[in-house]
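What follows is a set of notes on a single structure, which appears directly below.
The values are calculated or read from the model by the stated rules, or taken from the named source; none is laboratory data. None of the values given here were measured: they were computed from a predicted structure. Backbone-built Cβ (ideal geometry, glycine too); neighbour counts: all protein chains shown. We work out accessible area using only protein heavy atoms, side chains counted, and drop any ligands, DNA or RNA first. Shrake-Rupley method; radii C 1.70, N 1.55, O 1.52, S 1.80 Å.
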Amino acid sequence: MKHIYIPTLLFLLSAALAGCRMDKPEPLPGGPKYTIRLNIDRERISEEDSPLTMVKGYPNDIYAVQIYKKVINNYSKYAYGIFDDENGISVELPAGATYKIEMTMVPDGASVIARGDNGGYREPFLLGGFNAGPGKVTNEFVVGVGNYINQLNSGYAVLAGQQEGSKGYNRPPVSRFYGVTEITPSENVDLTIHMKWVCFGLTVVPEDFTEGSLEIEMDGAPKLTVTPDNPTAVTKRIFTFEHSLSSDDWTADGYSEAIPTTITWIKGDGSRLILREPSAPITCKRKYNKLLRISCAEKDNNKVTITKEDETLIDDEETVVHP
C-alpha cells in the first residue's frame with residue numbers, strides 16, 4: 001500500500017508547493033539616464049604671455065574626473081575616471097539629481113607624474129578608498145563610492161625623477177588645469193568644462209653676478225640654482241599653486257599666494273649671504289610671471305621692491321639688492 005500512494009503523495013506535495021510559491025516581484029524599471037559628453041575648454045593665453053603657452057594638447061596629457069551627486073545640501077562621491085583621450089570622456093547620469101563634475105589635467109602628465117608599482121599614476125591621480133593607490137588610465141568611469149580620486153583641488157604632485165627618484169611637492173614645477181561645473185541632466189548633452197590654468201611663472205634675473213651661485217628656495221618647491229655660466233637657468237619656470245585653503249577659488253583671476261622664499265648667494269670663497277628671508281614672502285599671482293631681479297653688487301642701500309605689470313607679458317617684478 002505504501003508503494004501505491006508514494007506517487008500520489010509526491011504529486012500532491014508539488015501541487016501544494018506550486019500553489020504557495022512566493023514569487024519575487026520584478027525589479028522596478030530604473031529612471032531615465034542621459035549621456036553627458038564632456039568637452040574641454042582650456043584657458044587660452046596669448047603668445048606674448050610666455051611661459052603661459054603650455055596650453056596645447058599633448059599625446060600624453062592626463063585627465064582626472066570626480067563626479068559627485070547632490071544629496072539634500074551635500075555632495076557624495078558618485079563616480080571617477082582617469083583618461084588620456086579628451087575626446088572620449090562621457091558618462092551616463094540618472095535623471096532627477098544634480099551632479100558636480102570636478103576635473104584636473106596635467107599636460108604631458110604621462111611623462112612628468114611618477115608611477116606606482118601597479119603602473120598607475122601618483123598624485124594628483126592617487127585613488128582613495130578600498131583599493132587606494134596610484135590611479136590607472138582606463139578611459140572610462142567607475143561608478144560607486146568604493147574608490148575616488150583624492151584632492152583634485154590640491155596642487156600637490158609627485159613627479160617622476162631621473163636620478164634622485166620620484167619626489168612630491170606642494171608647489172610642483174608642472175603645468176596644471178582645473179575646472180568644476182554642475183549639471184541636472186534632462187537630456188543627452190555636450191557639457192563644456194572651463195579649465196583654468198592654476199599656475200604662475202618665475203624668472204630670476206641676476207645682476208652684477210660674476211661668482212658663486214644663487215639658490216632660490218620657495219616653500220613647497222624644488223630648490224633652484226643659478227650660476228654665472230647659466231644666468232638664465234630660471235627663466236619663466238612654471239609652478240602649480242599649493243592651494244592649501246580649498247575654500248579659496250584658485251581659478252579666480254585675482255588669485256595669489258604669498259610664498260615664503262629664501263634667496264642665498266654662495267660666493268666663490270664658500271661664504272653664504274642671505275638676500276631674502278622667508279619672513280618676507282614673495283606674492284605670486286595666477287597667470288603672472290614673477291620676475292625677481294637679484295642684485296649682487298656691493299651696495300649698502302636697503303632692499304627695494306618694485307612691482308611692475310606689463311599689458312602683454314604680465315610680468316610681476318621685484319628687485320632684490322645686496323643688503
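Starting from the Cα of residue 264, step 7 Å along the direction of its Cβ; do the same at residue 277; then give the gap between the two resulting points in nm.
So the two model labels end up 1.6 nm from each other.
Between residue 192 and residue 86, what is the label-point separation in nm under the 7 Å Cα-to-beta-carbon projection?
Placing both labels 7 Å along Cα→Cβ, they lie 1.3 nm apart.
For segment 54-140, compute the number of Lys pairs whose alpha carbons are separated by less than 13 Å, excluding pairs fewer than 8 positions apart on the same chain.
The number of close lysine pairs in segment 54-140 is 4.
Can you give me the Cα centroid spacing of segment 282-296 and segment 130-197 in angstrom?
Spelled out, the Cα-based centre of one part sits 28 Å from the other.
Could you please state how large a percent of the accessible area of segment 160-259 is carbon and sulfur, counting protein chains only and using a 1.4 Å probe?
39
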